[in-house]
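The values are calculated or read from the model by the stated rules, or taken from the named source; none is laboratory data. None of these values were measured; they are calculated from a predicted model. Cβ placement follows ideal geometry from the backbone for every residue including glycine, while neighbour counts extend to all protein chains displayed. Each accessible area value is taken on the protein alone, full model and side chains, heavy atoms only, with ligands, DNA and RNA left out. Shrake-Rupley method; radii C 1.70, N 1.55, O 1.52, S 1.80 Å.
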Amino acid sequence: MAIGHYLVLSGVLFSIGAAGVFLRRNLITLLLSVEIMLNAVNLAFVAFGRQFGTVDGQIITFFVMTVAAAEAAVGLALVIGLFRHRESLNPEAFTSLKW
Amino acid sequence: MISSSFDAIIPMLCVALAGLVVLLAEAFRGRDEKMPIGGLAIIGLVGAGAASILLWNRNATSFGVVTADNFSLFVNLVLIGVGILTVMFSSQTIERDGIPAGEYYAVMLFGIVGMMLMGQATDLLVIFLALETMSLAVYVLTGIRREQQQSTEAAFKYFLLGAFASSFFLYGVAFLYGVTGSTSLDRIGTVIAAQSMSGNPMILLGVGLLIVGFAFKVAAVPFHMWSPDAYEGAPAVVTGFMSTGVKAAAVAAFVRVFLSSLEPMITDWAPVLWLIAAATMVLGTVVGVAQTSLKRMLAYSSIAHGGYLLAGLVAGNDVGKAAILFYLAAYALTNLGAFGVIALLGTRERANDDLRDYAGLFKSHPALAVLMTFFLLSLGGFPPTAGFIAKWYVFSAAIGSGYYGLAIIGVLSSVVSVFFYLRIVVMMFMTDRDARPVPAPITTVAYAGLVLSLAGVLYLGVLPTAVIDFAQASISTIF
């Protein structure tokens, strides 16, 4: 497969993630959408790395995965914090600040 | 002097070590035992400051991805100043609000490490890691008062939009890597300069995505939506910390990436940043006028200040680069001072940040009212304060590069902003006070922090030449 195919797939995944952040109405799904965006980027890195015939792209992916894990930890902690206040995962329940 | 490949990271090591010591101290602290944890944090920061000064002019590099050139050392010193002042203000507020000291200071110090790394990194991947280190720490600090719904909500909004913007930034890095085969700024710079890349859609996409990521962290329009909410929901000291530290670090990396490796493409990105800078200055000011919460008002004011910083970046000349550094120092001292006053006036139950809470402040707390007046005047750009010199310097850089329109928009918006700063001053001095909860007496350490910021603001305003020379020396080593 040419690199174009991978990049198109990565672009599609990234767009799905980005759309999810705005359209979905569940805090957990919002987090998942962000993870999809990061993994779309990972795919692009690996594809480019393969094109250059080096392992750089794949090594970068490991860094990104670590960061994504740290992000998920903080994100889930905040979701739990929010849930304790309102017993809800709907972002519309949280309106004490103007959006 | 002995030099090793670790030289360039010594300032960061000092701060990270202090963070670990603080965590350990908290772990071994007995119940109700008092420990000078803030003092430990300050020792680490002072050590990092000393290391930064010793590294001056030595251009140390570590591992090929971290550099300690004068530019990043200047930013380091600003960040250390931000850290020390934040610790001084926090000493009072965290006890009042019941925040666990060890965790709070440790997260703050790790955040500062991320900020310093952002200014020092010379590789896009390391910049991304630094950005995340800094951001994750600041998300946690924003939501550190878990019992308050507002604080948690602000943290989640900041987190979600921040993570969203980081992935845009990372996607930009991926495209630049795809075109140039490297994430190192030097390498990217040489490849772009060697082949004329302006028309290449992939690199334009990459640069565009990087602009989105950076603009988000600087809170530039149209990526500013998170900042009023995050600034209002966070404890006031944390707001001061993130409005100055995060902005300084993000601007430093922004300047390094765009004025060193992407400089050959300046004709492509300068118009975009021109628009962003102009929109940021105008929107920050106009919406700021309509706010009734002081924290929210200062949030919009700091959006506008981000616009002035970007104006210096658009100018792109030597004056502009030095102006950005000077502006960062001036803005950091002023804004931290202002948020310090807000923080000290709050109580555990109520932030006391409504504009009406400041009515008659001069009668109840004359010293705080006077200090606040100086900080507000400096934010508005009145002589003889730091804000005036900083703005004058940025606008003269814009004019020097022929951006008259940008300079005019900047001057007009700062004239409008004076209106809302003076509104607070009038409130403090000329209105009678309403009944409101009385804050606890202010400790000497917190007062010392405020006086220190004021001294800095006046020093930069009255005798700016020393620091301007220093800023010019800092930019001469790179670019």
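Looking at this structure, is A:V46 open to solvent by 80 Å² or more (accessible area, probe 1.4 Å), free of Cβ contacts under 8 Å to residues at least 60 places away in the same chain and touching a Gly at 6+ places or on another chain (Cβ under 8 Å)?
no
Evaluate the following for B:R356: is it open to solvent by 10 Å² or more (accessible area, probe 1.4 Å), in contact (Cβ under 8 Å) with a residue 12 or more places away in the chain and more than 16 Å from B:A220 (Cα to Cα)? Taking the combined requirement at face value, the residue satisfies it. If I filter the range A:21-44 for residues that are touching an Asp or Glu at 6+ places or on another chain (Cβ under 6 Å) and either facing chain B (nearest Cβ under 10 Å) or aliphatic (A, V, I, L, M) (or both), do I get at least one hit? Looking through the range A:21-44, none of the residues is touching an Asp or Glu at 6+ places or on another chain (Cβ under 6 Å) and either facing chain B (nearest Cβ under 10 Å) or aliphatic (A, V, I, L, M) (or both).
Note on the range A:54-99: residues that are within 30 Å of B:L125 (Cα to Cα), more than 10 Å from chain B (Cβ to nearest Cβ) and not polar (S, T, N, Q) amount to 5. Is it fair to say A:V12 is more than 7 Å from every other protein chain (Cβ to nearest Cβ), within 21 Å of B:F169 (Cα to Cα), without any contact (Cβ under 8 Å) to a residue 40 or more places away in the chain and not small (G, A, S)? So A:V12 passes the test. Tallying residues that are among the β-branched types (V, I, T), under 20 Å from B:A332 (Cα atoms) and either modelled with pLDDT under 95 or open to solvent by less than 30 Å² (accessible area, probe 1.4 Å) (or both) within the range B:80-112 yields 6. Here B:A194 meets each of (1) at pLDDT below 95; (2) touching a helix residue (DSSP H, G or I) at 6+ places or on another chain (Cβ under 6 Å) with one exception, condition (2).
Conditions (1) over 23 Å from B:E132 (Cβ atoms); (2) polar (S, T, N, Q), marked per residue:
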position: A:F14; (1), (2): no, no
position: A:R25; (1), (2): yes, no
position: A:E35; (1), (2): no, no
position: A:G53; (1), (2): yes, no
position: A:Q58; (1), (2): no, yes
position: A:V64; (1), (2): no, no
position: A:L78; (1), (2): no, no
position: A:S88; (1), (2): yes, yes
position: A:A93; (1), (2): yes, no
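Please work out which residue is surrounded by the fewest Cβ atoms within 10 Å (Cβ to Cβ), limiting yourself to the range B:143-162 and to residues that are among the hydrophobic types (A, V, I, L, M, F, W, C) and touching a Ser or Thr at 6+ places or on another chain (Cβ under 6 Å).
Step by step, filter the range B:143-162, then rank; the result is B:A154.
Would you confirm whether any residue within the range B:52-67 is in contact with a Gly (Cβ under 6 Å, 6 or more places away or on another chain), part of a helix (DSSP H, G or I) and in contact (Cβ under 8 Å) with a residue 40 or more places away in the chain? Taking every residue of the range B:52-67 in turn, none turns out to be in contact with a Gly (Cβ under 6 Å, 6 or more places away or on another chain), part of a helix (DSSP H, G or I) and in contact (Cβ under 8 Å) with a residue 40 or more places away in the chain. Identification of helices (runs of 4 or more DSSP H) wholly contained in the range B:124-202 with 1 or more residues that are away from chain A (no Cβ under 11 Å) yields B:124-142, B:185-194. Restricted to the range B:163-177, and to residues there that are open to solvent by 10 Å² or more (accessible area, probe 1.4 Å) and over 23 Å from the mean Cα position of the chain (by Cα), the residue that is farthest from A:E35 (Cα to Cα) is B:F175.
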